[in-house]
2 protein chains.
Amino acid sequence: MKASGALELGEAPKGSTPKSVANRGISILDFILRLIAIIGTLGSAIAMGTTDETLPFVTQFNRFRAKYDDLPMFTFFVVANSIVSAYLVLSLALSIFHILRSGAKGSRIILIFFDTAMLVLLTAGASAAAAIVYLAHKGNAKANWFAICQQFNSFCERISGALIGSFGGILVFVLLILLSAVALSRR
Amino acid sequence: MKASGALELGEAPKGSTPKSVANRGISILDFILRLIAIIGTLGSAIAMGTTDETLPFVTQFNRFRAKYDDLPMFTFFVVANSIVSAYLVLSLALSIFHILRSGAKGSRIILIFFDTAMLVLLTAGASAAAAIVYLAHKGNAKANWFAICQQFNSFCERISGALIGSFGGILVFVLLILLSAVALSRR
């Protein structure tokens with residue numbers, strides 16, 4: 001994958017040692033992984049952000065409607081995933097820069113730092129939302145918090161599904177940081 | 001801090017260029033930061049793990065007692081912080097190895113990878129616990145989940161305080177990954 005990607009690029013600028021070719025392969029893999037992470041996090045943000053279920057009955061006091069912004073952790077989840085996917089789109093520029101100039105050093109360190117910060121943000125959002133999804137499914141007898149998934153069935157399916165893209169994004173970020181570290185060490 | 005730490009070490013083995021001296025300074029800072037993170041995460045695990053409040057009245061049905069393991073997210077928090085602090089203790093060995101051999105490459109990549117994985121585990125634990133602490137303080141009207149902090153006052157103070165060490169640990173891990181990246185690039 002890496003090697004063939006590097007070879008497909010064809011002609012290389014000055015100083016194309018085997019190491020710089022390998023680094024170009026790493027940069028191309030980096031670019032592809034970022035595209036995957038954009039799909040995952042943007043999908044998660046949209047899936048959670050459009051969640052809205054209204055039950056087919058109304059009482060005097062309640063409208064029995066569940067939206068993602070009823071719970072602040074879900075709002076945080078949508079905001080975190082949106083910020084991370086916007087960051088990923090911007091970082092594609094640096095990723096392309098690294099494909100063209102595989103010897104770049106300072107920009108890779110900057111990328112590792114921001115990748116790590118975004119990994120923390122994404123993990124925090126996904127984990128907070130997962131804790132609430134767990135409560136919604138199981139409830140907690142000690143705290144007298146009841147499971148709400150019996151009533152809001154499709155709401156619960158939607159919020160559970162939205163977590164998948166986010167957790168996929170976390171895995172990709174760990175790989176991205178590892179790839180950047182390998183590229184830094186190979187110079 | 002970095003420079004003086006490197007100078008205090010006095011004699012350096014073969015090939016002590018300015019770069020390897022700077023790398024030794026980074027490794028010493030790495031070691032100190034790991035010690036700080038151990039205190040933070042171990043403190044968090046102990047603070048949360050020993051949380052236990054029994055209210056001074058008993059009814060026929062309830063014992064009105066709050067422990068950390070009433071909520072699975074708090075158990076996860078204790079487990080995550082324990083695993084991370086155990087990892088940090090083990091990683092001190094590699095950190096010392098890097099002080100002695102500042103040119104090491106492969107072991108720094110391994111360290112970055114495991115640091116990142118542990119960062120994810122720590123963030124997930126802290127964030128899930130924070131979500132529940134938030135619910136315990138504020139409750140949620142839409143989901144009919146009531147705030148439990150009015151009754152379990154000291155329990156709530158304890159679980160809120162336990163988060164601090166964990167979030168401090170997250171900051172330290174981000175710095176550790178950044179330091180390792182800088183050290184890798186300086187070879």
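The values are calculated or read from the model by the stated rules, or taken from the named source; none is laboratory data. Treat the numbers as computed from the prediction; the structure is a model and nothing was measured. Note: ideal-geometry Cβ built from the backbone for every residue, glycine included; neighbour counts use all protein chains shown. Protein only, heavy atoms only, side chains kept; ligands, DNA and RNA dropped before computing areas. Shrake-Rupley method; radii C 1.70, N 1.55, O 1.52, S 1.80 Å.
Remarks
- Within region B:88-107, tally of residues that are more than 11 Å from chain A (Cβ to nearest Cβ), part of a helix (DSSP H, G or I) and open to solvent by less than 50 Å² (accessible area, probe 1.4 Å): 6
- Taking (1) more than 30 Å from A:Leu55 (Cβ to Cβ); (2) open to solvent by less than 30 Å² (accessible area, probe 1.4 Å) in turn, A:Ile110 satisfies each apart from (2).
- When residues in region B:62-76 are screened for being modelled with pLDDT under 85, at the interface with another protein chain (Cβ under 9 Å from one of its Cβ atoms) and assigned to a loop (DSSP other than H, G, I, E, B), 0 of them pass.
- Residue in region A:135-147 that is within 20 Å of the chain's Cα centre (by Cα) and assigned to a helix (DSSP H, G or I) present: no
- Residue among B:Gly165, B:Gly161, B:Gly125, B:Gly169 that is surrounded by 17 or more Cβ atoms within 10 Å (Cβ to Cβ), more than 14 Å from chain A (Cβ to nearest Cβ) and farther than 17 Å from A:Ile112 by Cα: B:Gly165
- Qualifying residue in region B:17-27 (condition: away from chain A (no Cβ under 14 Å) and at pLDDT 95 or above): no
- Of the listed requirements (1) over 18 Å from the mean Cα position of the chain (by Cα); (2) of a type in the set (Gly, Ala, Ser); (3) at pLDDT 90 or above, A:Ala129 misses just one: (1).
- Test result for A:Ala181, within 11 Å of chain B (Cβ to nearest Cβ), more than 16 Å from the chain's Cα centre (by Cα), buried (at least 24 other Cβ atoms within 10 Å of the Cβ) and in a helix (DSSP H, G or I): yes
- Screening A:Asp52 against (1) closer than 30 Å to A:Leu92 by Cα; (2) at pLDDT below 90 leaves a single unmet condition, (1).
- Residues that are among the aliphatic types (A, V, I, L, M), at the interface with chain A (Cβ under 10 Å from one of its Cβ atoms) and touching a helix residue (DSSP H, G or I) at 6+ places or on another chain (Cβ under 9 Å) occur in region B:145-156; there is at least one.
This table checks each residue for (1) without any contact (Cβ under 8 Å) to a residue 40 or more places away in the chain; (2) over 19 Å from B:Phe173 (Cα atoms); (3) surrounded by fewer than 20 Cβ atoms within 10 Å (Cβ to Cβ).
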site	(1), (2), (3)
B:Leu71	no, yes, no
B:Ala86	yes, no, yes
B:Phe114	yes, no, yes
B:Met118	no, no, no
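- A single entry from A:Cys149, A:Cys156 fulfils the requirement of being surrounded by fewer than 21 Cβ atoms within 10 Å (Cβ to Cβ) and within 15 Å of A:Gly49 (Cα to Cα): A:Cys156.
- Search result, residues across region B:112-122 that are more than 9 Å from every other protein chain (Cβ to nearest Cβ) and more than 12 Å from the chain's Cα centre (by Cα): B:Phe114
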